[in-house]
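Here the structure comes first, spelled out in structure tokens, and everything after it is commentary.
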Amino acid sequence: MLRFVFTKTARYPGLEVEHNQFLRSLRTLFVNIKYRGVRRTVLGLLAIVCAKAGLPILQDYRFYRQNLLESGIDTDGIVEREALDIPEERKASAQRYEASSENEFRHILEKLNIDCSAYRFIDYGSGKGAVLAAAARYPFQSVTGIELSGELHQTALQNIEELTRRGRVRAGDIISIHGDAASYRLPPVPHVIYVFNAFGPDILQGVLDNISADLAEVREPIYFLYNNPMHHKLLELSPEFDKLSNAFGGKWMVFARPAKY
Ligand SMILES: C[S@@+](CC[C@H](N)C(=O)[O-])C[C@H]1O[C@@H](n2cnc3c(N)ncnc32)[C@H](O)[C@@H]1O
């Protein structure tokens with residue numbers, strides 16, 4: 001079988017994970033059909049082709065426009081690192097804002113097959129709250145995001161208000177916190193942790209150290225979903241976490257800290 005292997009992708013420069021581009025595209029297509037249906041997936045693909053050809057038609061079917069239309073939430077666009085309203089000393093480590101794919105997130109979470117009602121969910125570097133909105137569809141005890149940019153945090157607050165107004169929330173409290181991921185301390189209860197290419201290894205190591213200290217007494221398993229896992233080696237080297245799986249051709253990695261008995 002033909003094997004298309006790259007070590008970097010144009011969309012995620014710097015991601016050094018090897019992946020099979022063909023299988024990755026096939027998986028993405030399957031997941032889109034599963035969550036969006038055939039019609040909207042085909043229209044979405046046509047919208048991308050039209051946009052690439054400079055034809056501004058079918059725009060409503062592009063991912064973020066669909067989100068805006070369906071859920072009333074704005075998770076649109078890319079905010080480059082230089083344009084983020086964050087402290088200067090954090091700029092070297094921070095990554096640009098860009099929303100996760102809701103479909104990929106749902107696929108990974110459903111594959112975990114856990115009882116969400118026994119967990120809190122946390123997104124480090126939560127931006128406008130795209131993943132908070134996706135996680136809010138599951139019965140987590142709470143869904144919390146920590147975001148360093150005040151502007152993105154304000155948009156997240158509006159999005160949470162809109163989701164709640166539309167009754168699209170199954171989780172308990174949905175919270176966006178304006179702050180630094182490195183300073184956030186977790187309550188000692190079971191967590192599903194999420195990071196999508198938010199910051200460099202310095203901050204990630206601080207986050208991992210806090211997780212380890214704060215959840216030391218938690219006996220249940222802890223899950224760490226890592227999207228675009230640029231610094232996966234830190235988790236692989238961690239004595240606490242085991243790698244459960246690679247998904248989307250290595251664009252996602254799932255780690256777990258086993259139950260303590
Ligand atoms: C790629 S975006 C991910 C957004 C969101 N998690 C999602 O998946 O849709 C990364 C976010 O991390 C934020 N960020 C960067 N450094 C941070 C830090 N030290 N503490 C909290 N947030 C940070 C950025 O402002 C940006 O919004």
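The values are calculated or read from the model by the stated rules, or taken from the named source; none is laboratory data. The structure presented is a predicted model; accordingly, all values stated were derived computationally and were not measured. Glycine gets a Cβ as well: all are built from the backbone with ideal geometry, and neighbour counts include every protein chain shown. Areas reflect the complete protein model, heavy atoms only, side chains present, ligands, DNA and RNA absent. Shrake-Rupley method; radii C 1.70, N 1.55, O 1.52, S 1.80 Å.
Structural remarks
- Given +1 at the Cβ of Lys and Arg, -1 at the Cβ of Asp and Glu and no other charges, the dipole of the chain around its Cα centre is 1240 debye to the nearest 20.
- Considering only alpha-carbon pairs that sit under 8 angstrom and 6 or more positions apart, the relative contact order computed for segment 136-222 is 33 percent.
- Near Asn228, the amide H atoms lying under 5 Å from its own belong to Trp252, Met253; only residues 5 or more places off or on other chains count, and H is placed 1.01 Å from N.
- Degrees separating the helix 102-112 axis from the principal Cα axis of the chain, which is the longest one: 50
- Whole-number Å³ per residue for the convex hull built on Cα positions in segment 177-229: 78
- Heavy atoms of Cys116 accessible to a 1.4 Å probe, total area in Å² rounded to 10: 10
- Cα→Cβ-extended label distance, 7 Å offset, between Arg185 and Ile48, nm: 4.4
- Helix 150-165 and the longest principal axis of the Cα set of the chain meet at an angle near 80°.
- Stokes-Einstein diffusion coefficient of the chain, Kirkwood radius over Cα pairs, 37 °C, 0.692 mPa s, in µm²/s: 172
- Separation between Cα centres of segment 247-261 and segment 132-171, rounded to whole Å: 24
- Backbone amide hydrogens, once placed in the peptide plane, bring Gly145 within less than 5 Å of Asp123, Ile175, Ser176, Ile177, excluding anything fewer than 5 places away on its chain.
- Stretchable slack from Ile33 to Glu110, in nm (0.36 nm times residue separation minus alpha-carbon distance): 26.2 nm
- Relative contact order for the chain, counting Cα pairs under 8 Å that sit 6 or more residues apart, in percent: 16
- Accessible area of the chain divided out per residue, in Å², using a probe of 1.4 angstrom: 49
- Residue order by solvent-accessible surface for Ser71, Ser245 is Ser245, Ser71, largest first, with ligands and nucleic acids left out and a 1.4 Å probe.
- Counting protein heavy atoms only, the chain has 55 percent of its accessible area on carbon and sulfur, 1.4 angstrom probe.
- By accessible area with a 1.4 Å probe, ligands and nucleic acids excluded, highest first: order of Phe22, Phe224, Phe196: Phe22, Phe196, Phe224
- Entries in Lys34/Lys233; Lys233/Lys260; Lys91/Lys251; Lys34/Lys128; Lys91/Lys128 that, when Cα-Cα distance is taken, lie over 21 Å: Lys34/Lys233; Lys233/Lys260; Lys91/Lys251; Lys34/Lys128
- Principal-axis tilt of helix 21-36 within the chain, Cα atoms, nearest 10 degrees: 90
- Only beta bridges with both residues in the chain are counted; by DSSP, about 40 percent of them are antiparallel.
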